[in-house]
Amino acid sequence: MTRRAFVASSLAGVMSTTLPFPGAAEAATQKFSLRAAQGRTRLVPEPHSDTAAWCYNGKVPGPEIRIRQGERLQVEVTNDLAEETTVHWHGIRLPNAMDGVPHLTQVPIAPGDKFVYEFDAVDAGTFWYHPHQRSFEQVGRGLYGPLIVEEANPPRVDREVTWVLDDWRLTDDASISDDFGNAHDVSHAGRLGNTVTINGLVPETFEVASGERIRLRLINAANARIFALDFGDHTPRIIALDGQPVTPHDPPGGLVVLGPAMRADVILDCIGVPGAQSQLVDRAYRGNDFRVLDFTYADTALREATPDWPITLPVNPIPEPDLSSAQRHEVTFTGGMMGMMHDGRGIWFVNGKAAEGHVLDPFLTLKRDASHILEMTNATAFDHPIHLHGHSFRVISRNGAPTPHREWQDTVLMAPRERVEIAFVADNLGDWMFHCHILEHQAAGMMGVIRVARAPEEDKI
């Protein structure tokens, strides 16, 4: 049996076709092309040289793909790397066959081959794309890009800006260190770099104007780095998390916190006077605060005061879980250095098992269209951003306390020893990856499959 036939037969009966969206059949199809290949990019300023990287369409990040909610997206991906690859559309609720997981949902794209991804954009929001094949190295070398799905009626702003944040482990000659997957990284906090970029460049300044209102779309594309952004004299208002609208609010503790793969949309009102400066500082790691960039104000104000335009986003068509009838499931994450010492087959574990590759027996099988609560415990000494494919979920509690905003997310950051409850309707048929998005942790075992299946009585109809 060929690999293609194996994948097709293994998915029989569990693949979904598409999620419904009103008017999707009549919507326009927006077509894009991506080419994954080696290239060069300038990450750090001169006198350093440019850097050999892996790029989409010759760029890091790859091109921003931007469509409108309800449109159909078609992307032809060409693989000009020397190894297999895929593209995963992170945070998008799409058909299982388009999810980009090697061997589980598709045969990987071989060197020189192409694959066409096609799906309806059912949700508006800030999403991104990246490989799921050896992602700890392919993402770490630069393969990622933003995917923006615009609302039909977005909030009024003066300017919209996308920032893709990343960090890189560079050597003295600005080359990417090739120590991917080393034992320390996979058993500790993951691959932390020494150089932070925004949109593929080490930033110095970001010019704004007094009275300006900016919608800032933040995407954390780093392998492992957590960002905790302090906007200094500014108070950003969070209006979406992981692409999904949330009640507008100030960031807790004044910091916009993004684990790997997480996103936040913020409204930034520029309250400084003409000619002023203010720093953006990252405070994620105790004792290692660093300046990201300076906000510099133009000499002329845009207006005397920032506007009071509405900022609440329209909701997306996500089914609301029924907490009173939801089935509960326990999920425990364990491992780290002790895992490596005691079990040579894995370092990180989901419910006591370490993944080896992407084709796994599901550790949970969920009835389609039923409500479910995952009671998750991080029984390790490290943070873990936990990501579920194919669905968004409500974060309903942390350590037994209800969350103030019951935010929809697809990746939830769990602190060491923290217990988090998430709830969702399992409405998307298929075998879906569920894993830590510290990519070294994923590669070393912290990954499983959740199957959404029809009820037995449905198959008799």
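The values are calculated or read from the model by the stated rules, or taken from the named source; none is laboratory data. Nothing here was measured: the structure is a model prediction, and the numbers come from that model. A quick note on method: Cβ atoms are made from the backbone with ideal geometry, for glycine too, and the neighbour counts reach across all protein chains shown. The area values use the complete protein model at the heavy-atom level, side chains included, leaving out ligands, DNA and RNA. Shrake-Rupley method; radii C 1.70, N 1.55, O 1.52, S 1.80 Å.
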Exposure ranking of 278, 49 by accessible area [1.4 Å probe, largest first] = 49, 278
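Calculate how many DSSP beta bridges within the chain are antiparallel, expressed in % of all such bridges and rounded to the nearest 5.
On the way: 87 of 122 bridges.
Here the antiparallel bridges make up roughly 70 percent for the chain.
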Determine how large the accessible area of residue 361 is when every protein chain is in place; take a 1.4 Å probe and give Å² rounded to the nearest 10.
-> 140
Report the equivalent ellipsoid semi-axes for region 286-330 in whole Å, largest first, defined as the square roots of five times the eigenvalues of the gyration tensor built from alpha carbon atoms.
-> 43, 25, 8
For region 289-391, with only Lys/Arg (+1) and Asp/Glu (-1) charged at the beta-carbon, what is the dipole magnitude about the Cα centre, in debye rounded to 20?
-> 400
Indicate, rounded to the nearest 5 percent, the antiparallel portion of the DSSP beta bridges found entirely in region 319-461.
-> 75
Positive minus negative residues near residue 135 (Lys, Arg vs Asp, Glu; Cβ under 14 Å) = -4
Identified option (computed mean projected area of the Cα convex hull in nm²; candidates [x] 24.4; [y] 21.2; [z] 23.0) | [z]
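What's the Kirkwood radius of region 160-285 in Å, using all Cα pairs? Numbers along the way, then the final one.
Details: mean 1/r = 0.0633 Å⁻¹.
The Cα-based Kirkwood calculation yields 15.8 Å.
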Using only alpha carbon pairs under 8 Å that are at least six residues apart, calculate the relative contact order of the chain and give it in whole percent.
-> 15
Specify the inter-centroid distance of region 114-142 and region 342-386, based on alpha-carbon positions, in whole Å.
-> 22
Starting from the Cα-Cα distance between residue 150 and residue 308, subtract it from 0.36 nm times their residue separation and give me the gain in nm to one decimal.
-> 54.7 nm
Judged on accessible area alone, 1.4 Å probe, highest first, 118, 320 line up as 320, 118
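Which order, highest average first, do 211-219, 59-67, 31-39 follow once you tally other Cβ atoms within 10 Å for each residue and take the mean per peptide? Intermediate results must be reported in sequence, preceding the final value.
Values: 211-219: 21.7, 59-67: 19.4, 31-39: 17.1.
Peptide ranking by packing, descending: 211-219, 59-67, 31-39.
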Other residues with Cβ under 13 Å from the Cβ of residue 233 give, with Lys and Arg +1 and Asp and Glu -1, a net charge of -3
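Within the set of other residues whose C-beta is less than 12 Å from the C-beta of residue 321, count the net charge using Lys and Arg as +1 and Asp and Glu as -1.
Working: positive: 328, 394, 406; negative: 320, 322, 369, 421, 427.
With Lys, Arg at +1 and Asp, Glu at -1, the neighbours total -2.
Tell me, what does the Kirkwood hydrodynamic radius of region 102-211 come to in angstroms if you use every pair of distinct C-alpha atoms? Display every interim value, and only then the final one.
Details: mean 1/r = 0.0572 Å⁻¹.
Kirkwood radius, region 102-211: 17.5 Å.
With +1 on each Lys and Arg Cβ and -1 on each Asp and Glu Cβ, and nothing else charged, work out how big the dipole of the chain is about its Cα centre, in Debye to the nearest 20.
Details: 41 positive and 60 negative charges, 147 e Å.
Using only the charged Cβ atoms, the result is roughly 700 debye.
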Inter-label distance, nm, simple model (7 Å from Cα along the C-beta direction), residue 279/residue 32 = 3.5
Over its alpha-carbon atoms, region 56-122 yields an Rg and a Dmax in Å of 12.3, 36
